[in-house]
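Worksheet: the structure to be examined is printed underneath.
The values are calculated or read from the model by the stated rules, or taken from the named source; none is laboratory data. These figures come from a predicted structure and were not determined experimentally. Quick reminder, even Gly has a Cβ in these numbers, built from the backbone with ideal geometry, and neighbours come from all protein chains shown.
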Amino acid sequence: MKEIYRELADAIFPNIEKDYRYYIDYYKDKREKNKVVTRFAPSPTGFMHTGGLYTAIVNQSYAKQNDGTFYLRIEDTDQARKLENGVSEIIDTLNDFDISFDEGPINENEDKGGYAPYRQSQRKEIYMAFAKEFIMQGKAYPCFCTKEELDEIRQKQIESGSSIIGYAGVWAKYRELPVEEALKRVKAGEDYVIRLKSPVTESKKIMVEDVVRGKIEMEDNYIDIVIIKGDGLPTYHFAHVVDDYLMGTTIVIRADEWLPSLPLHLQMFKMLDLNPPKYAHICPILKMDGQSKRKLSKRKDPEGRAGYYIEMGYPVVAVKEYLINLINSRFEIWREQNPLLSYKDFDIKLEDMSKSGALFDMKKLENVSKRIIKNMPDDEVFDLVKAWSKDHDKELYQKIMQDETRFLNSITIWHKNRMDVACFSEIKSQFNYLYDDDFVESLEKCDMMDMPYFSDILEDYLDGLDLGVEQSVWFDRVRQIAGKYNYAIRPKDFKNNPSQYNGSIVEVSTFIRLALTGRKDSPDIFEISKFIGIDEVKNRINRQIELAEK
Ligand code: GLU
């Protein structure tokens, strides 16, 4: 190593005394050997994207499946975009979705695990030690370009039809600046960033390997990218290489927006003479927008934000199951063969993941959720609704707390053999006839009121109504009333001879249902009646008669 390089490195990083090898040794063997290690590495810049949640689920599941370690790393080197309480926001969202990690930040200030600190803003000296090594080896250099100079370079590249666009090769103004000169300018206090001196200076293809996509031919990196910014913090690319090496990540599972950077990352591992991890780039979640597909957006699409599902009250298992289903084509078949197993028992094979893009379909998620809710025991639904309402619907929560048994009974009514509910925020409006004290006021005129004897039938029904009997006895009465007004007691008879009847027992039941629920379709009306009580039943039926006669 030339002494002048050391002098330059010392001038740039006067306070960095620890060699990069110190950190390599320090972080060595802090876990069991030969374990799979995955990580989730979000930036604390606001609400978590549904795609981020998806990446976290895949990383966690993959580690779990392989009896490995899953850790959380906070990538907060972009000081301008960093949000206050951003770390808690991430931890809370992961927590909401039952995603636990073995190591990483546990609140705004504390970390657990042997590789701490797990937030990049606290690892400045580590990146600097690595950058210092690069400078000493002549593999990185200070660049004093102003923004205007960079614009000028770009302009010239475009005008001259250069095949290279960017700060690279012969265009890289400070790449070949004599070290003595660079040293002088650093010492004079000029502003600069540190750039990688890419060993490649022109367009060249290489083969890279990705676990999801297999072998791919890509353009090698020839750009002298910034590795340390003016504020002394690293860029994503450099921090990724340093951290994923030191923290022992064995496979980097990340969004495929990073795939174009893979040659650069592999190049830096090679320049440091370190073994790279494996890479798996997972496809984005897409959404139909008119005729075309676009990326699901956390700003434009409510469902693009992970927190949306929690606020709406989708069971976490449903959201996770749908997301796994979304890009693993084998999942659907597996689910059919194993209807009762947890989605956690499904082995995620990275090789089988979608390579292009996964189309998000809210209807499908709703169906998954409805099926999952339907298969839960009543008391599990009760516990989930109670927990959800506590944070998201105070009024409902109060209602539950006033009489928990009554609320559980109401769940039994709408939950029995039905797939009506996809998320808990729907409950109050879908079953307003069970929960709304002023429900009667919402009853309206409807087309069925024009059918023969509508009011007479309801009046007869009210006359001597007894809910204390067996359901079969109650229904015999409904049949009798139907017969009296020439509505076929057996729907089949009406079907065969429609002109002979006014309708069938189905319509008669629907008259009652409409009065009690305002709907033509609902759970069992006998059970609903018992739940709301005889007085309220009378109240609603009288109101319906009144409306019919208006
Ligand atoms: N901080 C990066 C992001 O949020 C992480 C990418 C990675 O997983 O390496 O996109």
*asked:* Being among the aliphatic types (A, V, I, L, M) and within 10 Å of the ligand (Cβ to nearest atom) narrows it down to one residue among ALA63, ALA41; which is it?
replied: ALA41
*Residues within the stretch 420-431 that are of a type in the set (Ser, Thr, Tyr) and buried (at least 17 other Cβ atoms within 10 Å of the Cβ), tallied*: 1
*Residue check: is LYS2 surrounded by fewer than 17 Cβ atoms within 10 Å (Cβ to Cβ) and within 26 Å of PRO277 (Cα to Cα)?*
no
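Answer with yes or no whether LYS295 is among the charged types (D, E, K, R) and within 14 Å of the ligand (Cβ to nearest atom).
yes
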*Tally of residues being free of Cβ contacts under 8 Å to residues at least 24 places away in the same chain and out of contact with any strand residue (DSSP E or B) (no Cβ under 6 Å at 6 or more places or on another chain) across the stretch 500-519*: 3
_Of all residues being modelled with pLDDT of 95 or more and small (Gly, Ala, Ser) in the stretch 44-60, which is nearest to the ligand (Cβ to nearest atom)? Just the residue, please._
GLY52
*Assuming ARG73 fulfils every condition listed in (1) within 13 Å of the ligand (Cβ to nearest atom); (2) touching a strand residue (DSSP E or B) at 6+ places or on another chain (Cβ under 7 Å); (3) free of Cβ contacts under 8 Å to residues at least 40 places away in the same chain apart from one, which condition is it?*
(3)
*Restricting to the stretch 409-428, what's the tally of residues that are at pLDDT 95 or above and under 30 Å from the mean Cα position of the chain (by Cα)?*
11
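Table: residues versus (1) assigned to a helix (DSSP H, G or I); (2) of a type in the set (A, V, I, L, M, F, W, C); (3) loosely packed, with under 14 Cβ neighbours inside 10 Å.
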| residue | (1), (2), (3) |
| --- | --- |
| ARG371 | yes, no, no |
| ASP379 | yes, no, yes |
| ASP383 | yes, no, yes |
| TRP388 | yes, yes, no |
| TYR397 | yes, no, no |
| ILE411 | yes, yes, no |
| ARG418 | no, no, no |
| TYR433 | yes, no, no |
*Does the stretch 40-49 contain at least one residue that is of a type in the set (S, T, N, Q), in contact (Cβ under 8 Å) with a residue 12 or more places away in the chain and crowded, with 20+ Cβ neighbours inside 10 Å?*
no
*Do the conditions hold for ASP98, that is, is it more than 24 Å from VAL241 (Cβ to Cβ) and not in a helix (DSSP H, G or I)?*
yes
*Do you know which of the residues in the stretch 61-109 that are crowded, with 18+ Cβ neighbours inside 10 Å and of a type in the set (S, T, N, Q) is nearest to the chain's Cα centre (by Cα)?*
THR93
*For the stretch 288-321, name all the residues that are more than 12 Å from the chain's Cα centre (by Cα) and closer than 27 Å to GLY214 by Cβ.*
LYS293, ARG294, LYS295
*Only residues that are farther than 19 Å from LEU296 by Cβ, without any contact (Cβ under 8 Å) to a residue 60 or more places away in the chain and in a helix (DSSP H, G or I): list them for the stretch 50-67, please.*
GLN60, ALA63
*How many of the residues making up the stretch 187-232 are at positive phi and surrounded by 12 or more Cβ atoms within 10 Å (Cβ to Cβ)?*
1
*Would you be able to say whether some residue in the stretch 254-269 is at pLDDT 95 or above, farther than 24 Å from LEU196 by Cα and buried (at least 22 other Cβ atoms within 10 Å of the Cβ)?*
no
*Might you check whether a residue that is in contact (Cβ under 8 Å) with a residue 60 or more places away in the chain and within 14 Å of the ligand (Cβ to nearest atom) occurs anywhere in the stretch 8-24?*
no
*Any idea which of (1) crowded, with 22+ Cβ neighbours inside 10 Å; (2) within 16 Å of the ligand (Cβ to nearest atom) is the one THR235 doesn't satisfy?*
(1)
*Give GLN137, GLN122 a once-over and let me know the one that is under 22 Å from TYR20 (Cα atoms), surrounded by fewer than 22 Cβ atoms within 10 Å (Cβ to Cβ) and in contact (Cβ under 8 Å) with a residue 24 or more places away in the chain.*
GLN137
_Residue satisfying condition, being surrounded by 15 or more Cβ atoms within 10 Å (Cβ to Cβ), modelled with pLDDT of 95 or more and part of a loop (DSSP other than H, G, I, E, B), within set ILE24, ILE16_ = ILE16
_Residue satisfying all of: in the stretch 250-271; touching a helix residue (DSSP H, G or I) at 6+ places or on another chain (Cβ under 8 Å) and farther than 24 Å from GLY68 by Cβ; nearest to the ligand (Cβ to nearest atom) among these_ = SER261
*Within the stretch 455-473, identify whether any single residue is surrounded by 17 or more Cβ atoms within 10 Å (Cβ to Cβ) and touching a Ser or Thr at 6+ places or on another chain (Cβ under 9 Å), and answer yes or no.*
no
_Take the conditions surrounded by 18 or more Cβ atoms within 10 Å (Cβ to Cβ), closer than 18 Å to ALA56 by Cβ and out of contact with any helix residue (DSSP H, G or I) (no Cβ under 7 Å at 6 or more places or on another chain) and apply them to LEU326. Does it pass?_
yes
*Kindly indicate whether LYS229 is basic (Lys, Arg) and within 16 Å of the ligand (Cβ to nearest atom).*
yes
*asked:* For the list (1) at pLDDT below 95; (2) away from the ligand (no atom under 16 Å from the Cβ); (3) touching a strand residue (DSSP E or B) at 6+ places or on another chain (Cβ under 9 Å); (4) of a type outside the set (S, T, N, Q), I need the number of the one condition that LYS30 fails.
replied: (3)
